[in-house]
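The values are calculated or read from the model by the stated rules, or taken from the named source; none is laboratory data. The model shown is predicted, which means the values in this text are computed figures rather than measured ones. We place every Cβ from the backbone using ideal geometry, glycine too, and count neighbours over all the protein chains shown.
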Amino acid sequence: MDLKTIQRIKKGMKDPGIGPETIALMPTRICSLRCFYCRGGRFVHWQEDTDCSDELSTQELFNLFLDAKKLGVKEINLGGVVGEPFCRKDILLILAKIKELGFMGSMTTNGFALNRDTADFLTRHKWDILLLSFDSSDSRIQHTLRPAFSGESYFERILEFLQTLNSLRSKVRVLLNVVITKINYRKFPELMKFANSYKNIESVNVLKLLNAGLPNYELLQLNTGELNEFREILSEFKKDKKIRYRNDWFEKNDAAACCADPLKEGVSERSCFTNYYILSIDSNGDIIKCPQNWVKVAGLNVKDTPLSKLWEKEHLSFRRGLVKGAACFDGCCTILKEQNRMIRGRL
Ligand code: SF4
Ligand code: SF4
């Protein structure tokens, strides 16, 4: 998080005219895969006849983007906690519009729809960042952890996508998100070799499997011995600039650190400023509490009321409440927790 963002948060806390820096938008709840660790409640998967009537229409999304532009939003991030953006039939129109309006475009994808054509499209439209859920460079492991709903193999198409980016000298930045489990942790060196063989792969984000009530959590989570083994494996890549993982990856909980710095007036050790820089919106237009805690904020929907109006009206309520103290702070993900502490320290 840079100082400019922190300055913007400071101003935004006083001035309702200043919007968030990023909109995290979940374009659809439909998905083409059925991953082992899909985080609960995603019972709609890709089918030709899936009903999407509750989702924001193309025009409603375009209106949202125009409104976001007025609020000074810089980045539109497509993803959310469930669903695959490429499952929307109008996804290419959406991506093109985001870039036409001058936003930075980032998107999380499961890779199912990637191929030569998508590589060409994203390159031509100067798409910025693609966060690709990619757990193994071994196609069998990838298809075991993240099988397609249709049973189809899609791994080769990901390779085709990456090769095309390379041959087009594309500027699209690909960030791999790797969830570490019992099934893939020993194959991590091969994955790093794979990542280093493609210029567009900028980083490998090593992610912990989160226990969000998953039925398969115990089957997949590393035990202490495996965790130690993985620590050794990771240490071999200490100097690899592509690798990204939190320093506390091997700690059970970091709650103690949260009270480390002195508190300013009106700020608590559990202050959450997230909504002053990332605003999360569900596929039906509901405003969501935050990217980590995907629950709707009652009465706020961009389908019914333009974002700028909501932003103004809402300025003193749910975001203010979270700055006073978020009950969910201890259970928050490390990245957001750290960002919140950093903001708190610089207010
Ligand atoms: S890609 Fe995401 S939404 Fe789709 S099944 Fe996997 S975890 Fe769930
Ligand atoms: S503390 Fe974390 S989980 Fe709670 S509202 Fe803030 S970002 Fe979300």
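A few remarks follow.
- So Glu21, is it more than 12 Å from ligand 1 (Cβ to nearest atom) and at pLDDT 90 or above: yes
- Only one of the listed residues (Ile98, Ile158) is within 16 Å of ligand 1 (Cβ to nearest atom) and in contact (Cβ under 8 Å) with a residue 12 or more places away in the chain. That residue is Ile158.
- In segment 165-180 there is at least one residue matching the filter, namely being at pLDDT 95 or above and of a type in the set (Ser, Thr, Tyr).
- Residue check for Arg169: under 20 Å from Phe194 (Cα atoms), free of Cβ contacts under 8 Å to residues at least 24 places away in the same chain and part of a loop (DSSP other than H, G, I, E, B): yes
- Filter pass, Val323 being more than 16 Å from ligand 1 (Cβ to nearest atom), assigned to a helix (DSSP H, G or I) and modelled with pLDDT of 90 or more: yes
- Applying the condition of being touching a residue at least 40 places away in the same chain (Cβ under 8 Å) and within 16 Å of ligand 1 (Cβ to nearest atom) to segment 119-143 and asking which residue is farthest from Cys35 (Cα to Cα) yields Leu130.
- Test: residue in segment 292-306 that is under 24 Å from Lys208 (Cβ atoms) and either touching a helix residue (DSSP H, G or I) at 6+ places or on another chain (Cβ under 9 Å) or of a type in the set (D, E, K, R) (or both): yes
- Lone qualifier among Leu130, Leu122, Leu92, Leu159 - being surrounded by fewer than 20 Cβ atoms within 10 Å (Cβ to Cβ) and within 21 Å of Ala24 (Cβ to Cβ): Leu92
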